[in-house]
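The values are calculated or read from the model by the stated rules, or taken from the named source; none is laboratory data. Because the structure is predicted, anything quoted here is derived from the model rather than measured. Here the Cβ positions follow ideal geometry from the backbone for every residue, glycine too, while neighbour counts run over all protein chains shown. We work out accessible area using only protein heavy atoms, side chains counted, and drop any ligands, DNA or RNA first. Shrake-Rupley method; radii C 1.70, N 1.55, O 1.52, S 1.80 Å.
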Amino acid sequence: MTSETRPKIKLVFIVSIAFRWFHLEWILQELDRSRFDVSFILVRLNGQEMYMERFVREQGIPHLTLDCYIGFKGIVQTIWAIRRYCRREQVDVVHTHIFLASLVGLMGAFLARVPRRLNTRHHLISNHGKPTLWLDHLASALATRTIVASQVVHDVLTEKEGVPQRKLVHIPFGIDLDRFRGISDERIEVLRRKYDVEGKGPVVGVLARRTRTKGLQYIIPAFRRLLERHPDAYLLLAYANGPYQEEIEELLAEELPEDRYLEIKFETDVFAFYQLLDLCVHAPTGLERESFGLVYLEAMASGVPTVFTPCGVGPEIFEHRENTWVVEHENSDQIYEGMVAILESPELHETLVEGGRRTVDERFPLKKMVRSLEAVYLGEKPGESCDAQA
């Protein structure tokens, strides 16, 4: 059967994430729409506004928006609405993202007898040791395949949660490399003025929400020491929100002069934002603190030298002094030493920039990820020919 006569696969993405998420936008950009009839179910937690709703509307993608209010009645109503939608539209595949969407989406799809129910596991061990761990087990049981983006997620699911190997498929995230290259001077200048970085530097960037596991409490003291060698250094702290916000603000006030740092809640042009940086630091506090770590890829793709602790996909790709400067977890001294080494050695700086770009170019192209996803949507294994089993 040729692609012209083959009926389209009805694919529904079920998502519960409030802020803009380029990952899904890039998948839709590259997905073979001649083979897939795509729609969205957007699950809004307690009616919270979702950026994705605006995006799918602008793109003319069919979508259903559901307000899910936490509580037995609200969750059951959402599950039933998803079941009803899947049955009415005769959905072939659902692909869920983020914890809430995975639970209500997989349950609704299971009740509607959707044959392929896929879930990308984005969180890692946040439910371990808590009464909510059974919900992770439920999601794994309801999914026909669970997509893992890194080896650490694979290991957690198989070794700590008992998920059968046969239900897992390893598909690393890919990024749209072109979005991080060739950024106009005008876009960069807009952000220079917006964040008042002209004449300041070196500029050190941290892109991390305010949680204890992101390691900001170790980066800030390291930056304070950096100011002793580079008095004009400037710290840009993006994604400045989260449950650890108050503690971080107190630490900043204690450690740093007011004119040496800036907190940024959200920046839409993250691609130009990276071009403001002379150095990027990301320091999660353990190997299992993140399921992947897109900031690793984004910084490398942007040509920014980096200081990283290993987490998520990090152990699979890091080469110390070749594509990043690797430091131990929870170690301010090593973060400081890495920053100094990079900023004061042009040769090392260039080596890390070239090595980082080469790593993402070779291992994380967008097309590779989307072709693998398409294979799973079609019931194949990534790497198999889609036409071979049509």
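Worth pointing out:
- For Val281, the test of being touching a His at 6+ places or on another chain (Cβ under 6 Å) and among the aliphatic types (A, V, I, L, M) is failed.
- Looking only at residues in the range 51-88 that are of a type in the set (Val, Ile, Thr) and within 26 Å of Thr268 (Cβ to Cβ), the one that is surrounded by the most Cβ atoms within 10 Å (Cβ to Cβ) is Val56.
- Matching residues in the range 107-121 - criterion: being open to solvent by less than 40 Å² (accessible area, probe 1.4 Å), within 21 Å of Leu66 (Cβ to Cβ) and not in a strand (DSSP E or B): Gly108, Ala109, Ala112, Val114
- The range 175-185, residues that are in a loop (DSSP other than H, G, I, E, B) and under 20 Å from Asp278 (Cα atoms): Arg181, Gly182, Ile183, Ser184
- Set Val152, Val104, Val91: member being in a loop (DSSP other than H, G, I, E, B) and either modelled with pLDDT of 95 or more or within 30 Å of Pro7 (Cβ to Cβ) (or both): Val91
- Pairs where the first residue, in the range 45-72, is among the aliphatic types (A, V, I, L, M) and the second is modelled with pLDDT under 90, C-beta under 6 Å, 6+ apart: Met50/Ala18
- Being surrounded by fewer than 19 Cβ atoms within 10 Å (Cβ to Cβ), within 18 Å of the chain's Cα centre (by Cα) and among the polar types (S, T, N, Q) holds for only one residue in Gln48, Gln29, and it is Gln29.
- Residue tally, condition in contact (Cβ under 8 Å) with a residue 12 or more places away in the chain and assigned to a loop (DSSP other than H, G, I, E, B), over the range 163-174: 5
- Among the residues here, Leu277 does not qualify as among the aliphatic types (A, V, I, L, M), out of contact with any Asp or Glu (no Cβ under 7 Å at 6 or more places or on another chain) and surrounded by fewer than 19 Cβ atoms within 10 Å (Cβ to Cβ).
- Residue within the range 122-133 that is part of a helix (DSSP H, G or I) and touching a helix residue (DSSP H, G or I) at 6+ places or on another chain (Cβ under 7 Å) present: no
- Condition broken by Lys73, with the remaining ones in (1) in a helix (DSSP H, G or I); (2) more than 27 Å from Asn127 (Cβ to Cβ) satisfied: (2)
- Residue count for the range 186-215, restricted to those that are assigned to a helix (DSSP H, G or I), touching a helix residue (DSSP H, G or I) at 6+ places or on another chain (Cβ under 6 Å) and either of a type in the set (Gly, Ala, Ser) or open to solvent by less than 60 Å² (accessible area, probe 1.4 Å) (or both): 2
- Residue identified as more than 21 Å from Gly174 (Cβ to Cβ) and at pLDDT below 95 among Ala222, Ala240, Ala283, Ala233: Ala240
- The listed residue being of a type in the set (Asp, Glu), at pLDDT 95 or above and touching a Lys or Arg at 6+ places or on another chain (Cβ under 7 Å), out of Glu255, Glu250: Glu255
- Selected residue (criterion: farthest from Arg84 (Cα to Cα)) from residues of the range 134-149 that are open to solvent by 30 Å² or more (accessible area, probe 1.4 Å) and not in a helix (DSSP H, G or I): Arg145
- Look at the range 209-235: where a residue is among the small types (Gly, Ala, Ser) and a partner is surrounded by fewer than 16 Cβ atoms within 10 Å (Cβ to Cβ) and not in a loop (DSSP other than H, G, I, E, B), sitting 6+ places away or on another chain with Cβ atoms under 9 Å, you get Ala222/Asp333.
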